[in-house]
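Step one of this worksheet: look at the structure below.
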Amino acid sequence: MSEYDAIDLLFGGMAQLGPGGDKHTLAVLRGLPERRYGTVVDAGSGTGRQTITLARGLGTVVHAVDSHGPFLEDLRRRAEEAGVGHLVETHVMDMADIPSAFQGIDLLWSEGAAYSIGFENALRTWAPAMKAGGLIVASELTLLAADPPERVKKFLAREYPAIQTVEENLAAGEGAGLRSVGTYTLPREAWTEGYYDALGPRAESLKNHPDATVRGMAAETLEEIEAFESSGGSYGYVFYVFERV
């Protein structure tokens, strides 16, 4: 076992652990039906940039679920500093176990995290925990062009062979007993501002690290950034809004 925590070295202290930003979270949130959301769960919250935005925007308690304890410790600190500590509850657990801990969920939010258990599997897993009429808002890496550049094809085939088109992801939701309410595609700058702009230099500084695991993760991260820069918009993150029927 490595004496170094590669995840913490690469991502520790970062406000964003994936593409996105407060303005995009709010854009999707403001597009939802106006109602009181009682039980709100942020699945795969990470350090909780969006958790804090949701807590502020909704004025209700958000249950942040993540399997990496240090991320949640960071979230609790950030929430207190943002003045919403009383509106954030953290839970160290696997997002696949959400139905065993929560029932009658009004809003389940997940930014760039559902892939870890498979997007379709995540929807099928979470759907039974939703209240009738409850909403699942999940962003997923999505194929946006029929014929991406060859380099991008090879990268995606290796790193995320399960990537689907918008239509296929919508069908996955329907198969889970959900009705599509809408989609929102993150613009290019949502990948760079606050995420790749911060992550790239970190990965560059770690590519010659003495630990092989750290070096490997740094190299993979730099390759990911290079693939995105050459993608020509052929893939991106899409928010899917589903309603439990």
- So how do 166-179, 50-63 stack up, highest first, on mean other-Cβ count within 10 Å? 50-63, 166-179
- Could you please state, rounded to a whole Å, how far the C-alpha centre of region 202-245 is from the C-alpha centre of region 98-114? 24 Å
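Per residue, how much accessible area does region 41-128 show when a 1.4 Å probe rolls over the protein heavy atoms, in square angstrom?
Details: 3320 Å² over 88 residues.
Value for region 41-128: 38 Å² per residue.
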- Mean separation of Cα contacts under 8 Å (6+ apart) over length of region 1-144, as relative contact order %: 22 percent
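Could you sort 129-139, 78-88 so that the peptide with the highest average Cβ count within 10 Å comes first and the rest follow in order?
Values: 129-139: 21.1, 78-88: 16.2.
Result, highest mean Cβ count within 10 Å first: 129-139, 78-88.
Quick one: pull the percent of accessible area on the chain belonging to carbon and sulfur, 1.4 Å probe, ligands and nucleic acids left out.
Working: 5460 of 11120 Å².
With neighbouring chains kept in place, the figure for the chain is 49 percent.
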- Query: Helix-derived [θ] at 222 nm for the chain: sum -39500 (n - 2.57) over DSSP H runs of at least 4, divide by residue count, nearest 500?
  - Reply: -11500 deg cm²/dmol
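Under the definition of Cα pairs under 8 Å and six or more residues apart, what whole-number percent is the relative contact order of region 60-212? Each step should come with its number before you reach the end.
Details: 138 pairs, mean separation 26.8, N = 153.
Averaging sequence separation for qualifying contacts and normalising by length gives 17 percent for region 60-212.
The values are calculated or read from the model by the stated rules, or taken from the named source; none is laboratory data. All values reported here derive from a predicted model rather than from experimental measurement. Heads up, the Cβs are rebuilt from the backbone with ideal geometry, glycines too, and the neighbour counts pull from every protein chain shown. Side chains included, ligands, DNA and RNA excluded: accessible areas come from the protein's heavy atoms. Shrake-Rupley method; radii C 1.70, N 1.55, O 1.52, S 1.80 Å.
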